[in-house]
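Below you'll find the structure, written out as structure tokens, and then a few comments.
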Amino acid sequence: MAKVASLSVMFIAAMVIAIVASHAEAVVTCGTVATDLSPCLDYVRMGGAIPTMCCNGIRSLFRAASTTQDRQTVCNCMKSAARVISGVNLNLAAALPSECGVNIPYKISPTIDCA
């Protein structure tokens, strides 16, 4: 009985470690990108005043994308979205980070190399 209990504890501990490790590898997902950037959609289509929630989302996404893998995920998610969302003004989209006070070292473009 003690052997079964010991194996059960080891199994549960291994599962917890696997779950924590998988979350540590990839913090940002396309769902995160969509959630954080959805308040910007009307702006990048029609212009006008940048919604506060849009800049909040951009800053949140910038803070969350702390690893190279996260930044590549954000880049690839944005490129995929740009292919399916119609009516986006690419100049407005590219200017959003700096308009929201976020400095990124590359130009946002549908042709950017995410590697």
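Give the range 59-115 a look and list any residue that's in a helix (DSSP H, G or I) and either in contact with a Phe, Trp or Tyr (Cβ under 8 Å, 6 or more places away or on another chain) or farther than 19 Å from SER38 by Cβ (or both), or say none. Walk me through it before giving the result.
Filtering the range 59-115 down to residues in a helix (DSSP H, G or I) leaves 59-64, 68-84, 90-99.
Matches in the range 59-115: THR68, GLN69, ARG71, GLN72, ASN91, LEU92, LEU96, PRO97, SER98.
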#### Entry: Positions within the range 44-63 being closer than 17 Å to PRO105 by Cβ and open to solvent by 30 Å² or more (accessible area, probe 1.4 Å), in sequence order
ARG59, PHE62, ARG63
### Query
Where residues in the range 72-113 are charged (D, E, K, R) and without any contact (Cβ under 8 Å) to a residue 24 or more places away in the chain, which of them is farthest from TYR43 (Cα to Cα)?
ASP113
### Residue check, LEU92 surrounded by 10 or more Cβ atoms within 10 Å (Cβ to Cβ), modelled with pLDDT of 90 or more and over 14 Å from the mean Cα position of the chain (by Cα)
yes
### Query
Out of the range 33-43, which residues are free of Cβ contacts under 8 Å to residues at least 40 places away in the same chain and surrounded by 14 or more Cβ atoms within 10 Å (Cβ to Cβ)?
ASP36, PRO39
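The values are calculated or read from the model by the stated rules, or taken from the named source; none is laboratory data. Note that the structure is a prediction, hence the values are computed from the model and not measured. Counting neighbours? That spans all protein chains shown, and the Cβs are built from the backbone with ideal geometry, glycine included. Protein only, heavy atoms only, side chains kept; ligands, DNA and RNA dropped before computing areas. Shrake-Rupley method; radii C 1.70, N 1.55, O 1.52, S 1.80 Å.
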